[in-house]
Structure formats: C-alpha cells, structure tokens
1. Kindly check whether there is at least one residue in segment 71-78 that is under 21 Å from LEU159 (Cα atoms), touching a helix residue (DSSP H, G or I) at 6+ places or on another chain (Cβ under 7 Å) and at pLDDT 95 or above.
2. Looking at SER120 and the list (1) surrounded by fewer than 22 Cβ atoms within 10 Å (Cβ to Cβ); (2) away from the ligand (no atom under 16 Å from the Cβ); (3) over 21 Å from ASP69 (Cβ atoms), which single condition is not satisfied?
3. Out of segment 184-202, which residues are modelled with pLDDT under 90 and either out of contact with any strand residue (DSSP E or B) (no Cβ under 9 Å at 6 or more places or on another chain) or within 7 Å of the ligand (Cβ to nearest atom) (or both)?
4. How many residues does segment 88-114 hold that are surrounded by 22 or more Cβ atoms within 10 Å (Cβ to Cβ), assigned to a helix (DSSP H, G or I) and within 21 Å of the chain's Cα centre (by Cα)?
5. In this structure, does PRO147 turn out to be free of Cβ contacts under 8 Å to residues at least 60 places away in the same chain, within 16 Å of the ligand (Cβ to nearest atom) and out of contact with any Lys or Arg (no Cβ under 7 Å at 6 or more places or on another chain)?
6. Tell me which residues, restricted to segment 123-144, are over 27 Å from ALA107 (Cβ atoms) and away from the ligand (no atom under 16 Å from the Cβ).
7. Out of the residues in segment 172-183 that are within 11 Å of the ligand (Cβ to nearest atom) and part of a loop (DSSP other than H, G, I, E, B), state the one that is surrounded by the fewest Cβ atoms within 10 Å (Cβ to Cβ).
8. Which residue, of LEU89, LEU102, is aliphatic (A, V, I, L, M) and more than 16 Å from the ligand (Cβ to nearest atom)?
Amino acid sequence: MKTRYLLLLAPLLFLAACQSDTPAEEPAPLPGAALYRVTFEATWSASTHANFPYGAHFSPPMGLSHRADGLIYRPGQLASKGIKDMAELGHNGFLRTEINALRGSGAALRLLDGAGGFNSPGTFTDTIRLDADHPLLAVVTMIAPSPDWFAALEAENLLVDGQWVARRSVPARAYDAGTDSGPSFTAPNQPTTPAEPIRPLLLPPATGMAPATAPPWASGTWSASTKGRPGYRPSRWSRACWMRWRAAGGNTTSAGTRCSAAARACRARNRLWKA
Ligand SMILES: [Ca+2]
C-alpha cells in the first residue's frame with residue numbers, strides 16, 4: 001500500500017519540481033565545449049602613438065585555447081623560437097609547431113591560425129573552440145614593422161563559476177620579446193646577445209609618452225557563439241530542467257506534457273550548445 005502511494009505521488013512531485021523556477025539541489029552539469037568569436041581590433045595609429053611608421057600592420061595572429069599550464073610565453077622568461085620568429089618576422093612556423101606540441105600533451109585544445117596580416121587600424125576576426133578543461137584563450141601577433149615587439153591577448157579565462165562568459169573585451173598588451181635590441185620601429189636588426197626576458201614594451205619610440213598613460217595598441221573581444229547565435233548561453237533554469245528530464249530517463253509520458261515540452265527545449269538547447 002505504501003509503495004503504491006509513493007508511485008502515485010512521484011510524477012506529481014516531478015512535475016512540481018519542473019515548474020519551479022528556483023531549482024537547484026542537483027549539481028550543475030559540466031559545461032560542454034564553447035565556440036568563441038575572437039575580434040582583434042587594432043587601434044594603433046598616428047593619433048595614438050608617436051613615430052607611427054609607414055605600412056603599420058599586424059602579422060597573421062596565432063592563438064590557442066589552453067589550460068593554465070599551456071602558455072606559449074611567460075613575461076620575465078626567455079622567448080621560445082616560435083615567439084622570437086613571430087615577434088621579429090611575423091613568421092608562425094615554429095610557433096605553430098609549439099602550439100601543436102601543447103595540443104599533443106593535452107595542455108592546449110585548438111589552434112587559431114590567422115590566414116594573413118592586416119593593416120592598423122584594422123580588425124581581425126576568427127573563431128576558436130574551448131572546453132571545460134581548456135577555458136583560457138590567448139592570441140599573439142607581431143607589431144610591424146618593429147624589432148621584436150608583439151601584441152597579445154593573453155590567458156583570458158572564459159569559464160567563470162561554471163558558466164561561459166557571453167562576451168568580454170580586454171586591451172591588448174604589448175611586449176618586447178628580448179631578442180632584438182633595435183630602439184625604433186624601423187631600426188635595422190640588432191640581435192640581443194644573450195637574449196633577455198620578455199618584458200612589457202615601454203620604449204619611448206613606441207609609446208611617445210609616459211608609459212603609464214600609453215594607450216593600448218589594440219583590444220580584443222571574445223563573444224560566445226553557437227550556430228550563428230552569438231552571445232547565447234544556457235540559462236540556469238534550462239540546465240536544471242535538462243537535468244530533471246535526464247533523471248526521469250527521458251520518459252516524456254511520465255514527465256507530463258508541460259514538463260516534456262520544456263525538457264525537449266532544454267535538450268535542443270543543450271545539443272546546440274555542445275555542437
Ligand atoms: Ca627588443
């Protein structure tokens with residue numbers, strides 16, 4: 001008798017739970033992969049920096065989605081061959097190999113491989129996939145012409161409290177790779193021997209003013225994107241609903257008509273999000 005009573009009550013309890021808009025005893029499911037649109041907006045121009053050179057541009061950007069241990073450079077440490085070539089020449093061959101090695105070790109997920117350089121001011125856009133194990137995004141590109149200077153959008157964590165950030169804009173940072181001692185944008189090659197650590201770019205020819213007030217060279221914007229729906233992210237409610245639907249074994253009959261429709265919508269959204 002008692003068992004029968006519970007069986008009768010169970011669907012009612014489930015329906016009541018599904019209609020609640022303050023769910024949450026269940027742990028939130030781990031977020032799936034996320035696709036981000038990366039926009040690198042170069043703002044470097046004659047009106048932002050002194051000594052703006054003829055033909056100012058940025059080299060084909062290279063980026064990666066990665067873990068905390070998947071950095072392609074560290075300020076205060078020596079540049080890799082890949083960072084040196086990118087910063088001095090805009091050549092990405094070695095950097096591509098280094099990023100692919102990080103992918104092979106599991107420290108990086110995807111490679112963002114810019115097809116070409118672009119003038120400054122100007123804009124570059126591309127997309128890259130992240131997942132919960134690799135929620136950081138970094139992009140580097142040579143400031144050109146220059147001895148060994150590069151701009152970076154670095155190690156932005158886009159997974160905060162279990163939610164993908166819908167959109168974030170950050171100023172690019174500028175670095176001296178420590179491999180060429182040229183003091184101006186168009187100085188001839190002057191290899192730095194031995195090489196010096198990567199450090200923030202604060203040379204007067206580059207800033208034209210006090211470093212503390214130097215404007216950024218560029219800014220980057222990350223926008224979550226799912227099948228042409230930029231900015232979409234699953235709501236707290238849809239996650240809880242999907243969890244309940246899954247807990248019911250996907251049984252739409254026992255879940256009730258109203259809950260089933262909501263669960264199907266949750267499931268469809270979840271599928272989109274994981275695409
Ligand atoms: Ca240098």
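1. Scanning segment 71-78, I find at least one residue that is under 21 Å from LEU159 (Cα atoms), touching a helix residue (DSSP H, G or I) at 6+ places or on another chain (Cβ under 7 Å) and at pLDDT 95 or above, so the answer is yes.
2. SER120 satisfies every listed condition except (1).
3. Of everything in segment 184-202, just one residue is modelled with pLDDT under 90 and either out of contact with any strand residue (DSSP E or B) (no Cβ under 9 Å at 6 or more places or on another chain) or within 7 Å of the ligand (Cβ to nearest atom) (or both), namely SER184.
4. 2
5. Values: free of Cβ contacts under 8 Å to residues at least 60 places away in the same chain: yes; within 16 Å of the ligand (Cβ to nearest atom): yes; out of contact with any Lys or Arg (no Cβ under 7 Å at 6 or more places or on another chain): yes.
Judged against the criteria, PRO147 is a match.
6. Residues of segment 123-144 that are over 27 Å from ALA107 (Cβ atoms), as a first pass: 123, 144.
The one that is over 27 Å from ALA107 (Cβ atoms) and away from the ligand (no atom under 16 Å from the Cβ): THR123.
7. My answer is PRO183.
8. LEU102
The values are calculated or read from the model by the stated rules, or taken from the named source; none is laboratory data. Small disclaimer: the values here were computed from a predicted structure and weren't measured. Cβ atoms come from the backbone with ideal geometry, glycine included; neighbour counts cover every protein chain shown.
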